[in-house]
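Student: Structure below; questions to follow.
The values are calculated or read from the model by the stated rules, or taken from the named source; none is laboratory data. Predicted model, so just to flag it, every value in this text is computed and none were measured. Counting neighbours? That spans all protein chains shown, and the Cβs are built from the backbone with ideal geometry, glycine included. Side chains included, ligands, DNA and RNA excluded: accessible areas come from the protein's heavy atoms. Shrake-Rupley method; radii C 1.70, N 1.55, O 1.52, S 1.80 Å.
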Amino acid sequence: MVRLFQRHHKRNTRLLDGLWQFKIDPDLRGVKEEWFNEFPADHQSIIVPSCWNHELGLYHYEGVAWYQTFFETNSPQVNLVFHGFYGQIKVYVDGQHIGGQYGGFAGFECLVTGLEPGKHQLVVMTDNTHNHLNTIPLARVDWFHYGGLFRSVEIMELADVWIKDYQIDYQLDANLTNAEIKIQVTLESFNGLNDCELTVSVNGERLYNQAVLVDQQTTIQVEEKLTNIKLWSPEQPELYLIKLEIGQDDLVERIGFRDLKVTNGKILLNNQELYLKGVNRHEDHPDWGFAMPLKLMKKDLDIIKQLGCNTIRGSHYPNAPVFLDLLDQEGFLFWEEIPMWGFGEEALADPLTLERGLQMHQQMIKRDYHHPSIIIWGLHNEIDS
């Protein structure tokens, strides 16, 4: 399960979770021997999502590993979404390199176009190698270096016009009862100019409807007013579903309206002082690693609530979106951070560390921008210097 609410009603999506073919590559033969074209015959089977360290004989393996599966589609364009992996990823479709990224706690998306109808090969290389200089995290950390595709892989079949990106912002009035809502939507057309209607709904009621002309990539600004809103707070975690629709595509986001500020050294939520009572929680389990099922997440949250806490620090990496959905619903406050733990001066002085860290932080904020539970974005923690 990726989210606790349905993200798409028109867009055809499905998970590629299940048995994949798998092969570790400690000698780095995969690229030279083009495993992305011809996967090794001596592969084994592995469940995605999972951490490979829970396979027999692989508990301490750190390095490169390869995955292969197949998907069928009649759409010429698909978006492949990798919701969580460790370290480096490279993605190949039908033997062609499609894209890659370093750092996967906040996920990675690959747009693939020009597909013929039918069956296609998907090969993924991952690498969880660590050093003491510029990997994030470093080799020495206070958690385990799991490897693999530890969250779901999703395929989205895209219409000729689709919602490529979006951001929802709002400004509350002085009485915290009305909101000026601003939505930026980036639309993409795969076949030239398209006349479409863009519709925005809030909790099932239409807020905006306008004809738009989409040419390759087009950005639309929507500004509307919502009155008599219900505020999100730990005591009453009120949530709103925002639905965007364009042609044969749609997208649903969930937000909460709240006012957060710091005044005289105190955190104020909806003009009420917050007293944070919380714990650090690793998204980790001896049998599951980072691939924790929703049941265990819910149990963790129930235990923390029973302790009398209202705040959780996601030690030390972006947690699964479905867990953040739970926090939004249950009224928990969250401190989210990237896995920069224990960095010394030499590592912090490396330009590659800076580049990777900034990219991870930007991706974390972009992915989780709309969660009302998040009140702190963490940059570094327990830095040696």
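Student: Could you size up the charge dipole of the chain around its Cα centre, putting +1 on the beta carbon of Lys and Arg and -1 on that of Asp and Glu, and report it in debye to the nearest 20?
Tutor: Magnitude of the dipole: close to 840 debye.
Student: Suppose R0 equals 30 Å; then what is the FRET efficiency for ASP173 and LYS277 from their Cβ-Cβ distance, rounded to the nearest 0.05?
Tutor: 0.50
Student: Given a 1.4 angstrom probe, what's the average accessible area per residue across the stretch 1-122, in square angstrom?
Tutor: For the stretch 1-122, the solvent-accessible area averages 48 Å² per residue.
Student: Among PRO26, LEU16, HIS43, flag the residue with its Cα farthest along the positive direction of the charge dipole of the stretch 3-43, charges on Cβ as +1 for Lys/Arg and -1 for Asp/Glu.
Tutor: Working it through, the farthest residue towards the positive pole turns out to be LEU16.
Student: Per-residue HN-Hα couplings for the stretch 123-140, Karplus 6.51 cos²θ - 1.76 cosθ + 1.60 at θ = phi - 60°, whole Hz, x for Gly and Pro?
Tutor: Going residue by residue, I get 10, 10, 9, 10, 8, 9, 4, 10, 9, 9, 10, 9, 7, 10, x, 6, 5, 9 Hz, with x marking Gly and Pro.
Student: Among all the aspartates and glutamates, which ones have a C-alpha under 17 Å from LYS10's C-alpha, if same-chain residues fewer than 8 places away are not counted?
Tutor: Within the straight-line limit of under 17 Å, LYS10 reaches these aspartates and glutamates: GLU154, GLU157, ASP160, ASP165, GLU188, GLU197, GLU245, ASP249, ASP250, GLU253.
Student: A follow-up question, please. If each residue of separation counts as 0.36 nm, what is the full-extension length gain between LEU307 and LEU19 once their alpha-carbon separation is subtracted?
Tutor: Taking 0.36 nm per residue and subtracting the Cα distance, the gain is 99.8 nm.
Student: Okay, moving on. Would you check the accessible area of CYS51, probe 1.4 Å, heavy atoms only, in square angstrom rounded to 10?
Tutor: For CYS51, solvent-accessible area is about 0 Å².
Student: Sorted by accessible area with a 1.4 angstrom probe, largest first, how do SER315, SER385 fall?
Tutor: I get SER385, SER315, largest accessible area first.
Student: When only alpha-carbon atoms count, how far does the chain stretch along each of its three principal axes, as whole angstroms with the largest first?
Tutor: Principal-axis extents of the chain (Cα, largest first): 65, 53, 40 Å.
Student: In Å², and per residue, what accessible area does the stretch 196-257 have when probed at 1.4 Å with the other protein chains present?
Tutor: Accessible area per residue: 52 Å².
Student: Under a point spin-label approximation (7 Å from Cα along Cα-to-Cβ), what is the THR129-HIS380 distance to one decimal in nm?
Tutor: 2.6
Student: In whole Hz, what ³J(HN,Hα) sequence does the stretch 271-282 give by Karplus (6.51, -1.76, 1.60; θ = phi - 60°), x for Gly and Pro?
Tutor: Couplings: 6, 10, 5, 9, 10, 7, 10, x, 9, 8, 10, 8 Hz.
Student: Further question: Which stretch or stretches of the stretch 328-367 have amide N atoms under 18 Å from the point lying 7 Å from LYS266's Cα along the Cα→Cβ direction?
Tutor: none
Student: What pairs from LYS305/LYS366; LYS299/LYS366; LYS182/LYS277 go past 31 Å between their alpha carbons?
Tutor: LYS182/LYS277
Student: Per residue of the stretch 338-345, what does 6.51 cos²θ - 1.76 cosθ + 1.60 with θ = phi - 60° give for ³J(HN,Hα)? Whole Hz please, x for Gly and Pro, Karplus curve as stated.
Tutor: Working through the residues one at a time gives 9, x, 9, 10, x, 6, x, 5 Hz.
Student: Out of residues 5 or more away from ARG313 or on other chains, whose amide H comes under 5 Å of its own, with H placed 1.01 Å from N in the peptide plane?
Tutor: For ARG313, whose amide H was placed from the backbone, the distant partners under 5 Å are VAL279, ASN280, ARG281, TRP335.
Student: Can you list the chymotrypsin sites (Phe, Trp or Tyr not before Pro) in the stretch 12-117 that are in a DSSP coil and have 14 or fewer other beta carbons within 10 angstrom?
Tutor: TYR59
Student: Which values of log₁₀ I(q)/I(0), to two decimal places, follow from the Debye formula for the stretch 58-121 at q = 0.27 Å⁻¹ with a uniform point scatterer at every Cα?
Tutor: -1.28
Student: While we're looking at this one, here's another question. Could you compute how much accessible surface GLU346 exposes when probed at 1.4 Å, giving the result in Å² to the nearest 10?
Tutor: Accessible area of GLU346: about 140 Å².
Student: Which of MET156, VAL200, ASN175 sits closest to the plus end of the dipole of the stretch 140-205, meaning its Cα is farthest towards the positive end, when Lys and Arg get +1 and Asp and Glu get -1 on the C-beta?
Tutor: It is MET156, whose Cα lies furthest towards the positive end.
Student: About the Cα centre of the stretch 91-166, how large is the charge dipole given +1 on each Lys and Arg Cβ and -1 on each Asp and Glu Cβ? Please answer in debye to the nearest 20.
Tutor: 300
Student: Where does the stretch 243-366 land on Rg/Rh, using Cα atoms and the Kirkwood Rh?
Tutor: We get a ratio of 1.02 for the stretch 243-366.
Student: Only residues of the stretch 179-206 count here: report those whose backbone N is under 18 Å from the spot 7 Å along Cα→Cβ of GLN216, or say none.
Tutor: 186-195
Student: Let me ask something else about it. Could you work out how far apart the two model spin labels at LYS10 and GLU346 are, taking each label as a point 7 Å from the Cα in the direction of the beta carbon, and quote it in nm?
Tutor: 5.6
Student: Further question on the same structure: Using alpha carbon coordinates only, what is the Rg to Rh ratio of the stretch 212-272, with Rh defined as the Kirkwood radius?
Tutor: My calculation of the ratio gives 1.13.
Student: As a test of the formula, what do you get for the chain when each DSSP H run with n ≥ 4 contributes -39,500 (n - 2.57) and the sum is divided by the residue count, at 222 nm and rounded to the nearest 500 deg cm²/dmol?
Tutor: -3500 deg cm²/dmol
Student: Also, quick follow-up: Which percent, to the nearest 5, of DSSP beta bridges fully inside the chain are antiparallel?
Tutor: 85
Student: Okay, next question. Jot down the per residue volume, in cubic angstrom and as a whole number, of the convex hull over the alpha-carbon atoms of the stretch 1-154.
Tutor: About 123 Å³ per residue, rounded to a whole number.
Student: So what is the orientation-averaged projected area of the stretch 285-357, using the convex hull of its C-alpha atoms, in nm²?
Tutor: One quarter of the hull surface, i.e. the mean projection, equals 6.3 nm².
Student: Give the long-range amide H neighbours of ASP17: residues separated by 5 or more places, or on another chain, with amide H under 5 Å away, using H modelled in the peptide plane at 1.01 Å from N.
Tutor: It is VAL153, by chain and number.
Student: At 1.4 Å probe size, with the rest of the protein present, what percent of the exposed accessible area of the chain is carbon and sulfur atoms?
Tutor: The computed percentage sits at 48.
Student: Non-local amide H neighbours of GLY99 (under 5 Å, H modeled in plane, Pro and chain starts lacking H): which ones?
Tutor: Those lying under 5 Å, H to H, from GLY99 are VAL91.
Student: Quick one: accessible surface of HIS285, probe radius 1.4 Å, all protein chains present, in square angstrom to the nearest 10.
Tutor: Surface accessible to solvent at HIS285 totals approximately 50 Å².
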